[in-house]
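Enquirer: If you scroll down you'll find the structure; I have some questions about it.
Bear in mind these aren't lab numbers, they're just calculated from the coordinates by the rules spelled out. Just so it is clear, the structure is predicted and the values come from calculations on it, not from any experiment. Here Cβ is always computed from backbone atoms with ideal geometry, including for glycine, and neighbour counts include all displayed protein chains.
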Amino acid sequence: MELKELAERECVELLASQVIGRVAVVVEDRANVFPVNYVLDNGYIVFRTDEGTKLDAARAGAVVTFEVDKSDPLYHTGWSVMVTGRLEAVTDPHELRRVRALPVRAWGRNGQQWLRMPITSISGRRINAAPILT
Amino acid sequence: MPTVDHRTGLEVLLRDECLRLLASQLVGRVGVVVGAWPMIFPVNYALDGDSIVFRSDDGSKVSGASSGFHMSFEIDGIDNAGRRGWSVVVNGVGREVVDGTELARLHKLSLEPWASGPKTHWIRIRPETITGRRVARDD
């Protein structure tokens with residue numbers, strides 16, 4: 001089995017290929033993980049939320065981590081990409097109008113708040129199982 | 001009649017349903033705070049009773065977790081019948097398994113690590129909370 005670190009460009013391509021990721025927010029020294037639907041927009045990861053932990057983190061300008069992965073347990077291959085950046089709420093009216101037109105559904109029913117994080121640092125890896133010799 | 005969280009409009013999954021989903025998957029993600037930053041990494045895991053077990057390397061983010069780290073473990077998927085998204089999150093304390101008898105038992109779970117490396121350490125997350133959500137039906 002081989003593990004390969006991915007180049008930044010490939011990480012961004014993989015990030016652009018998915019629609020569901022997970023965001024980790026630190027609350028009282030604990031990582032809280034939430035699944036979100038997202039879209040990549042001009043170097044930002046954009047997703048929707050409502051009042052709660054993620055919006056609080058955005059208002060506080062917290063650094064969060066975002067992760068996407070895909071794996072095939074049968075063939076034991078897969079990749080994962082992790083992004084770190086400062087979460088922010090989109091509040092500028094012009095920018096809000098623009099992001100509201102992006103194709104991203106809320107995980108929940110409402111998702112009235114729009115959040116984004118810049119891709120400040122990105123890393124990824126891919127695993128490939130060695131062929132099984134019989 | 002499913003319970004719906006009125007704040008989010010998401011269906012709340014009962015604990016038994018969460019455990020059933022946890023037993024049905026192979027890959028999940030562990031969230032842990034390293035320094036001041038949150039990190040998320042995928043792991044192959046097994047459900048052992050109501051706790052999550054996975055393997056880890058020497059020098060990894062969670063090795064030496066004998067004193068315990070707060071961990072958040074997440075799985076999600078699409079329910080093919082209804083094409084609805086769901087997720088389960090386990091919050092608890094992750095500790096390295098050091099008891100020889102327990103390790104011998106865990107080795108029989110034939111749990112393959114997600115990535116390469118000897119993965120000689122076994123970590124168990126004992127749940128404090130298990131929560132699950134499913135996108136509610138539109139109808």
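Enquirer: Ranked from highest to lowest mean number of other Cβ atoms within 10 Å per residue, what is the order of the peptides A:78-88, B:126-136, B:102-112?
Expert: Going by the mean number of other Cβ atoms within 10 Å, highest first, we get A:78-88, B:126-136, B:102-112.
Enquirer: What average count of beta carbons from other chains do you get within 10 Å of the Cβ of residues in A:82-94?
Expert: For this peptide, the per-residue mean of nearby foreign Cβ atoms is 1.
Enquirer: Peptide A:23-30: average number of partner chain Cβ atoms within 10 Å per residue?
Expert: Mean shielding count: 5.
Enquirer: Where does the protein assembly as shown land on Rg(C-alpha)/(2.2 N^0.38 Å)?
Expert: 1.00
Enquirer: Considering every residue in A:61-71, what mean count of other chain Cβ atoms within 10 Å of its Cβ is obtained?
Expert: Neighbouring Cβ atoms belonging to other protein chains average 4 per residue here.
Enquirer: At q = 0.11, 0.18, 0.20, 0.21 Å⁻¹, what log₁₀ I(q)/I(0) does a Debye calculation on the Cα points of region B:3-135 give, no solvent, two decimals?
Expert: After summing over all Cα pairs, the log10 values are -0.40, -0.99, -1.17, -1.26.
Enquirer: A further question follows. Just to be sure I understand the curve: with the Debye formula and one point per C-alpha of chain A, what is log10 I(q)/I(0) at q = 0.10, 0.16 Å⁻¹?
Expert: Debye intensities relative to I(0), on a log10 scale: -0.36, -0.81.
Enquirer: Give the residue list of chymotrypsin sites (Phe, Trp or Tyr not before Pro) in region A:7-78 that are DSSP loop and have at most 15 other beta-carbon atoms within 10 angstrom.
Expert: Within region A:7-78, the qualifying chymotrypsin sites (Phe, Trp or Tyr not before Pro) (loop, at most 15 other Cβ atoms within 10 Å) are A:Tyr75.
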